[in-house]
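Read-outs throughout are calculated quantities, based only on the coordinates presented, and are distinct from any laboratory measurement. These figures come from a predicted structure and were not determined experimentally. Heads up, the Cβs are rebuilt from the backbone with ideal geometry, glycines too, and the neighbour counts pull from every protein chain shown.
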Amino acid sequence: MVYQILKEYGVKGGKMDQHFLTDAAALDEIVSAAQLEPSDIVLEVGGGIGNLSERIAPRVSKLIIIELDPQMVHILKSRLSVYQNIEIIPGNVMDVDLTNLGFNKIVANLPYSISSDVTLKFLQSEFDSAVLMYQYEFAQRLTAAPGGKDYGRLSVHVQYKSDAEMILKVPKESFEPAPKVDSAVIRLTPRPASYSVENTDFFYSVTKALFSQRRKKIKNTLLGSLLKMELPNLKEILEQISDQPFAAATACCNAGADADSAECAADCAAADSTNAECAAAAAGHIAEAIRISDDLSNKTVGDVLSMRAEELSPADIAHFSNILYSFSSKKGN
């Protein structure tokens, strides 16, 4: 069927990141993984020739398709005209304000060249679940656990407020034209963050900096990163917090009587506001707030600075981000 459609409309894939999925079983499995309900409003990005769209539309209340290629827009309008519940938005998804579209699910064979940017954009919207096709290596990065070569900035950012599950591996031969690599289908399910961050944008900046030179130790990586533009005295800050216990290193404990956090100020007061005792007093409630890795609970910040970024869990990175943000705020940076 896909080959017939391509021939009928004179379509040749390969341009604009277009690789059309020809495997009917894979198409059906993608739709099944989305667990579509009659009340759902679904967003599809890169509708192509509509081979996925025509499986979604009969099952949902509304299907919104964003398609960049004018030729594909024409084909979608022609092939899907029988459905009255489809809205087609011509243009680049990165230029579209998604917040007002009202969708609750996303199903898409994404353009691979924008996989990272569009995924992070999705995560800024509210939705119940997303079933998305990626290059296989990219999908491995989304689902990677700490310690491996695939674990990095994208793993941390995506797993901050969502669960990423690999559903299906799709060989390159399942596409026309065949891409150079295999693909995979991932299901993203948003959830409340399992740990808190003081400032989300700063957390993202710290994460990006940590993985900018992943072969180096964290201290050297940070000092050679763009984070210094946000924290001009980053070197001084790292030196000042280096001896603090990582589990309890916060600005209020470093600043002693200068604390303006009521909870931490109480901890400091109970310990006569001395740095060492204050850190020990605060360790309990801070470790409870962010569950850092067990093997870091007795380490100092300096110990962590001598590690590599991939050794830190997302929660460890969030805690480290909070340390930097809180301390820099105390110092007026």
- Query: Roughly how big is the range 2-190's charge dipole about its Cα centre, with Cβ charges of +1 (Lys, Arg) and -1 (Asp, Glu), in debye to the nearest 20?
  - Reply: 260
- Query: Packing-wise, with mean Cβ within 10 Å as the measure, how do 3-10, 86-93 rank, highest first?
  - Reply: 86-93, 3-10
- Taking the dipole of the range 20-76 about the Cα centre (Lys, Arg +1; Asp, Glu -1; charges at Cβ), the one of 48, 27, 66 that reaches farthest to the positive side is 66
- Find out how many positive minus negative residues lie around residue 30, taking Lys and Arg as positive, Asp and Glu as negative, among other residues whose Cβ is under 13 Å from that of residue 30. 0
- Compactness check, the range 186-236: C-alpha Rg relative to the 2.2 N^0.38 Å globular estimate gives 1.39
- Item | Environment charge at residue 74 (Cβ cut-off 13 Å; Lys +1, Arg +1, Asp -1, Glu -1) | -1
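So, by mean Cβ neighbours within 10 angstrom, what's the order for 29-37, 187-195 with the highest one leading? Before the final figure, lay out each step's value.
Values: 29-37: 17.4, 187-195: 14.3.
Ranked from most to least packed, the peptides come out as 29-37, 187-195.
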- Provide the net charge surrounding residue 150, with neighbours chosen by a C-beta distance below 12 Å and charges set as Lys +1, Arg +1, Asp -1, Glu -1. +2
